[in-house]
Amino acid sequence: MERYKQCLAIVPYLRHLGKRQLEEVLEQFQTEAESYPHGYQQLAAVRYYLHDMLWACGDAWLQEAHGVTNYRTLLDEINRFRKLEEIVSLVTFNYDTLLEPGLQDLGFTITRVSDYVEQNPYYKVFKVHGSVNWGQVVGSADFQAVRHDMHPYPTIERMIARVNKLQITESFVLSMTRPMGWEDNEPVFPALAIPVQRKSKFACPQNHIDCLVKLLPKVTKILVIGWRATEQHFLQLLDAHLPKRVYVYIVLEPNDTLRIRGRRWSDA
């Protein structure tokens, strides 16, 4: 957090939530930022913090577990029982890259963001809220930054300080550096959505969503793991495009509940 000091003033609110959810508190800050410009800098610092911290945690987990993850096992089971021409769509709301090693086991070679939906004919991956290793190119003409490939923090500090004026484009790139500052001689901003209750848009390329919309009417089975289904924009997408009869399998923590298409689901 000390790397992104602009977020430090709101950390106590995020540590002491009371009965509120983290997403609810962050949404309040996002709303208040409309009349409190410094709030945008605080939320930009939160995005950099999430990008940096979750990337580090993912790498540390893979090292500690020697590459063993439940993702790998799940994907292997899906692949084992998948029919020859059956397409599997994987939708994740997580920002981390723990899914990617399992994709490599299936033959994925991800070198571009487009590879998630174009590289494999039978597996499509939708990281609808972005990824710690995705960046959006900053196209603002008035963004003047000194390039620091090895030490990106001066660039990041300028990004956060000028976030209100940045023109963050819809051009998504894969970044191999943490924390990200520049990629292919262009300044980039972390492509991940602030976790709020009512997200208004996705943090992924539009052609990924277009691909998902084409696949949803063909869905016959859904496996839900650890998802509270609070993302209204995604639920609206499902409601508009899923067929009427779909088998739904749900993995939940005890006493958790889930709503899909108006129906209340629980582990009972």
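Derivation of every value follows stated rules applied to the coordinates shown; laboratory data play no part. Being a predicted model, the structure only gives us computed values, none of them experimental. Neighbour counts are summed over all protein chains in view; Cβ atoms, including those assigned to glycine, are modelled from backbone coordinates with ideal geometry.
Annotations
- For the options Ser89, Ser175, Ser131, a Gaussian network treatment of the chain with springs between C-alpha atoms closer than 10 Å singles out Ser89 as fluctuating the most.
- Region 49-175: antiparallel DSSP beta bridges as a percent of all, rounded to 5: 45 percent
- Remark: spin-label model distance Arg178-Lys201 equals 2.7 nm, labels positioned 7 Å along the Cα→Cβ axis.
- Loop-resident sites, region 13-68, for GluC sites (Glu not before Pro), counting at most 16 other Cβ within 10 Å (DSSP): Glu34
- Virtual spin-label span in nm between Ser35 and Arg228, 7 Å along Cα→Cβ: 2.7 nm
- Our estimate of slack between Leu8 and Arg20, defined as 0.36 nm per intervening residue step minus the Cα-Cα distance, is 2.4 nm.
- Over the chain, Cα pairs under 8 Å with separation of 6+ residues give a relative contact order of 17 percent.
- Highest GNM mean-square fluctuation among Val125, Val248, Val91, for the chain modelled with Cα contacts below 10 Å: Val248.
- Springs join every pair of Cα atoms under 10 Å in this Gaussian network model of the chain, and among Gly18, Gly139, Gly58 the largest mean-square fluctuation is at Gly18.
- For a straight C-alpha distance cut-off of 21 angstrom, the lysines reachable from Lys165 (same-chain residues fewer than eight places away being disregarded) are Lys5, Lys201.
- Note that region 216-223 has calculated 3J(HN,Hα) couplings of 4, x, 9, 5, 10, 9, 10, 10 Hz, one per residue in order, obtained from phi through the Karplus relation 6.51 cos²θ - 1.76 cosθ + 1.60 (θ = phi - 60°); glycine and proline are x.
- Model label sites at Gln236 and Tyr122, defined 7 Å from Cα along the beta-carbon direction, differ in position by 3.6 nm.
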